[in-house]
Amino acid sequence: MILAAFVSEPLVERGPPPLYLRLQERIRRAIERGELKPSEALPGERDIAQAVQVSRVTVRKALSGLVDAGLLEARQGSGTFVARRSIELPLSRLTSFTEDMCLRGVSTTSRWLLREVTFPSPRETMYLALSLRDKVVRLRRVRLAGEMPMAIELAVVPHCHLPAPDRVTTSLYAALDEYGIRPVKALQLLSAAKIGKADAALLEVEPGAAMLTIERISYLASGRPMEFTRSFYRGDTYDFVAELNLEPT
Ligand code: 16G
C-alpha cells in the first residue's frame, strides 16, 4: 500500500507536545496543502500507527480530535475521510463567482476552455432577445477556488456589451463594470444532474458524480437581457442558501 506523505516519517517522542497532537498537526498541514483532498479516505488506523510508529490508541485519539474539529469525518464501517469543504452561497444576491469567493477569503482563477465571438444558438438568441444578425461572446471556463476546481461555467454575452472579450481575465462582471454594465436582476433555474466523463475529468471527480446545474439570465436596469450562463457545480463543494421573507401585506 502507498502511504500518504503525512505518514512517510515516524513520529519521535521528544517531550511536549504529545504525539497525538503532533500527528494532528501533520494531518492538518496535509489538508491545508491539498495533499489530502476533501472526501479522500485516510489510511486505516493500523497502517497509520505502523507508518509513524505510535500506538493505535494515539492514532485513534488524534483522529477523533480532528473529527470533533470538523476536519475529518468518521463513516461507520468505512473509515475516516477528509471532511467535504462545502461553500455556502446565497441564492438571493446577484454577485459574481469572484465576489462570492472573495467574501470567503478564497482566491479564484479560471482555466479557459473557450473564448470566442460567434453567432448565438437559436436558444441563446431567444434568451438574450437578439436578432439573427447579432453576435455574442461565448466564454467557457473551469472556475477554481484556490487549487480546487469548483464549477464549469459557460457565459454568453451580447458582443455589443463586451466588444473586447480579452478584457475578461479573472472576472466577467469586473470586465463588464469597466464598460459601465452591471446586471440588476437575474432569473435562475436550478436542476440536479450527473456529471459526464469529459466534465468529470475537468472537475476532478468520478464520472456520474452528483452535480448542480444553474442556468441564469441576467438583466440590465433597462430590462434588456445581458448574460446567459450555464454553470455545473460540483455537488460535494456547494451548499446554496435561500433567504425567504414574508411578502409585505
Ligand atoms: C456567477 C454567475 C454567473 C456569472 C459569474 C460571473 C451564478 C449561478 N452564476 O458564477 O452568471 O457570469 O458569476 O463571475 O451565480 P465572474 O465575474 O467571477 O467571472
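Laboratory data are not the source of any read-out in this text; all were calculated from the coordinates shown. These numbers were taken from a predicted model, which means no experiment stands behind them. Quick reminder, even Gly has a Cβ in these numbers, built from the backbone with ideal geometry, and neighbours come from all protein chains shown.
Taking the options E153, E116, E73, E147, name whichever one is acidic (D, E) and within 14 Å of the ligand (Cβ to nearest atom).
On the way: E116 fails: within 14 Å of the ligand (Cβ to nearest atom); E73 fails: within 14 Å of the ligand (Cβ to nearest atom); E147 fails: within 14 Å of the ligand (Cβ to nearest atom).
Sole residue among the options that is acidic (D, E) and within 14 Å of the ligand (Cβ to nearest atom): E153.
Exactly one condition in (1) more than 14 Å from the chain's Cα centre (by Cα); (2) within 26 Å of S222 (Cα to Cα) is not met by F97; state its number.
Only one criterion is unmet by F97, namely (1).
Just give me the residues in the range 119-142 being more than 13 Å from L162 (Cβ to Cβ), of a type in the set (K, R) and within 13 Å of the ligand (Cβ to nearest atom), in sequence order. Outline the logic, then answer.
From the range 119-142, those more than 13 Å from L162 (Cβ to Cβ) are 119-127, 129-133, 140-142; that's our starting set.
After this cut, where a residue has to be of a type in the set (K, R) as well, the list is 123, 133, 140-141.
Within the range 119-142, R140, R141 qualify.
Can you tell me which of (1) in contact (Cβ under 8 Å) with a residue 24 or more places away in the chain; (2) surrounded by fewer than 12 Cβ atoms within 10 Å (Cβ to Cβ) is the one P16 doesn't meet?
Every listed condition holds for P16 apart from (1).
Test G235 against the stated conditions and say whether it is surrounded by 10 or more Cβ atoms within 10 Å (Cβ to Cβ) and away from the ligand (no atom under 13 Å from the Cβ). Before the answer, list the steps.
Details: surrounded by 10 or more Cβ atoms within 10 Å (Cβ to Cβ): yes; away from the ligand (no atom under 13 Å from the Cβ): yes.
Here the answer is yes, as G235 does meet what is asked.
Against the definition (at positive phi and in contact (Cβ under 8 Å) with a residue 12 or more places away in the chain), how does G146 come out, yes or no?
yes
What are the residues in the range 177-190 that are near the ligand (Cβ under 8 Å from one of its atoms) and either of a type in the set (A, V, I, L, M) or loosely packed, with under 12 Cβ neighbours inside 10 Å (or both), if any?
Selection gives A186 alone.
Within the range 28-146, which helices (runs of 4 or more DSSP H) (wholly inside it) include 2 or more residues that are surrounded by 19 or more Cβ atoms within 10 Å (Cβ to Cβ) and of a type in the set (G, A, S)? Walk me through how you get there before you give the answer.
Details: elements: 45-52, 56-68, 97-103, 122-127.
Here the list reads 45-52.
Just one of the numbered conditions (1) among the aliphatic types (A, V, I, L, M); (2) exposed (fewer than 11 other Cβ atoms within 10 Å of the Cβ); (3) under 21 Å from V137 (Cβ atoms) is not true of M226; which one?
For M226, the failing item is (2).
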